[in-house]
Amino acid sequence: MKRLLPWLFRFGAIGLLAGVVLGCASSRIDWNTRVGTYSYDDAVREYGPPDKSAQLTDGSTVADWMTARGGMQTATAYGSAWSPRPRYGWGGPAYVVVDPPTPDRFLRLTFDPQGKLASWQRVYR
């Protein structure tokens, strides 16, 4: 029994990891299958009011929903050791490393004049 227990833990961990990966993969939305059937009202029910929307002269509507907020990451290093207080750090010149900000992510849905999904795209800004 002692030899069997580590193997059970290993297979249990592998099974749990596989379940998480498959669960995340199945929760992705295939927008191509929604073209022509998904309505503007469905989108508002599912995601709430859009962050931006515009009605075009042909009667179609373009709407953007934010799916993830971007951000900026900054790290400060001081010589050979890190210190939370710049003036009391341990020797060496101080320098700051700043990663470029990541953009906000949006889902842009375009609806035809009848309110049905005509096209979609991911937008980063």
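Taken over segment 105-125, the residue count meeting the criterion of being surrounded by 12 or more Cβ atoms within 10 Å (Cβ to Cβ) and farther than 12 Å from residue 31 by Cα is 8. Tallying residues that are touching a strand residue (DSSP E or B) at 6+ places or on another chain (Cβ under 6 Å) and modelled with pLDDT of 80 or more within segment 64-103 yields 6.
Does residue 61 fit the bill of being of a type in the set (S, T, N, Q) and modelled with pLDDT under 95? In short, no. Can you pull out the residues in segment 101-125 that are touching a residue at least 24 places away in the same chain (Cβ under 8 Å) and assigned to a loop (DSSP other than H, G, I, E, B)? If the condition is that a residue be touching a residue at least 24 places away in the same chain (Cβ under 8 Å) and assigned to a loop (DSSP other than H, G, I, E, B), then 101, 102, 103, 104, 112, 113, 115 are the ones that fit. Of all residues in segment 50-71, those satisfying the criterion of being in a loop (DSSP other than H, G, I, E, B) and surrounded by 10 or more Cβ atoms within 10 Å (Cβ to Cβ) are 50, 51, 56, 59, 60, 70, 71.
The values are calculated or read from the model by the stated rules, or taken from the named source; none is laboratory data. Predicted model only: the values in this text are computed from it and were never measured. Here Cβ is always computed from backbone atoms with ideal geometry, including for glycine, and neighbour counts include all displayed protein chains.
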